[in-house]
Amino acid sequence: MTTNTATDPKSVVIRYVEAVRNGDLPVVRDSFAEDATWLYPGETPWSKVWRGRDEIVDGFLGGAGARFVPGSMVIGLTNVIADGDQVVAEWTSDALSAEGVEYHNRCLGVFVVRDGRIAEVREYADTQHTARVLFP
């Protein structure tokens, strides 16, 4: 496993988002604490609290990746604000769904970083758009 070189919370989150953007799975996996949680709200099949690094990376993030045409996802980090162990990151996600429908969403995550790894994420996005495009 890759060693996490970023230690301050803001750098940890930026490193993670850039790894998602670049498709760098070892860094994505290394970014999370083993017992991390990720809340995805709404009423989609993904809406729940995802628990543990493997469930987040393989189930949630991996499941999301499978809903898009490979190589079509473009992630744009637009803003990052940090205060102590909490980091608020805003990003755009643009892609083509596996069904050929354009996906454009603006997302915001409240990250909690402990010991150089992401321990908690609360994500906010247009879940109705997600449901309409990815779960027709």
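Between Gly59, Gly84, Gly63, which is farther than 25 Å from Pro9 by Cβ and of a type outside the set (Ser, Thr, Tyr)? Break it down stepwise before answering.
Values: Gly59 fails: farther than 25 Å from Pro9 by Cβ; Gly84 fails: farther than 25 Å from Pro9 by Cβ.
Testing whether each residue is farther than 25 Å from Pro9 by Cβ and of a type outside the set (Ser, Thr, Tyr) leaves just Gly63.
Among the numbered criteria (1) in contact (Cβ under 8 Å) with a residue 40 or more places away in the chain; (2) surrounded by fewer than 18 Cβ atoms within 10 Å (Cβ to Cβ); (3) in contact with a Cys (Cβ under 8 Å, 6 or more places away or on another chain), which single criterion is violated by Thr92?
(1)
Looking only at residues in segment 96-116 that are among the β-branched types (Val, Ile, Thr) and outside any loop (DSSP other than H, G, I, E, B), which one is surrounded by the most Cβ atoms within 10 Å (Cβ to Cβ)?
Residues of segment 96-116 that are among the β-branched types (Val, Ile, Thr), as a first pass: 101, 110, 112-113.
Now drop any that are not outside any loop (DSSP other than H, G, I, E, B), which leaves 110, 112-113.
Details: Val110: 14, Val112: 18, Val113: 25.
Ranking the qualifying residues of segment 96-116, first place goes to Val113.
Out of Ala119, Ala131, Ala64, report the one residue that is assigned to a strand (DSSP E or B) and either within 17 Å of Ala19 (Cβ to Cβ) or in contact (Cβ under 8 Å) with a residue 12 or more places away in the chain (or both).
Details: Ala131 fails: assigned to a strand (DSSP E or B); Ala64 fails: assigned to a strand (DSSP E or B).
On inspection, the qualifying residue turns out to be Ala119.
Among the listed residues Val69, Val87, which satisfies the condition of being closer than 19 Å to Arg21 by Cα, touching a residue at least 40 places away in the same chain (Cβ under 8 Å) and not aromatic (Phe, Trp, Tyr)? Step through it out loud before you land on a result.
Working: Val69 fails: touching a residue at least 40 places away in the same chain (Cβ under 8 Å).
Result: Val87 is the single residue among Val69, Val87 that is closer than 19 Å to Arg21 by Cα, touching a residue at least 40 places away in the same chain (Cβ under 8 Å) and not aromatic (Phe, Trp, Tyr).
Tell me which of these Thr78 doesn't satisfy, since it passes every other one: (1) within 16 Å of Tyr16 (Cα to Cα); (2) in contact with a Gly (Cβ under 9 Å, 6 or more places away or on another chain); (3) not basic (Lys, Arg).
Of everything listed in (1) within 16 Å of Tyr16 (Cα to Cα); (2) in contact with a Gly (Cβ under 9 Å, 6 or more places away or on another chain); (3) not basic (Lys, Arg), Thr78 misses just condition (2).
Any read-out appearing in this document is the output of simple, stated calculations on the displayed coordinates, not a laboratory observation. Nothing here was measured: the structure is a model prediction, and the numbers come from that model. Using ideal geometry, Cβ is built from the backbone for each residue, glycine included, and neighbour counts are taken over all protein chains shown.
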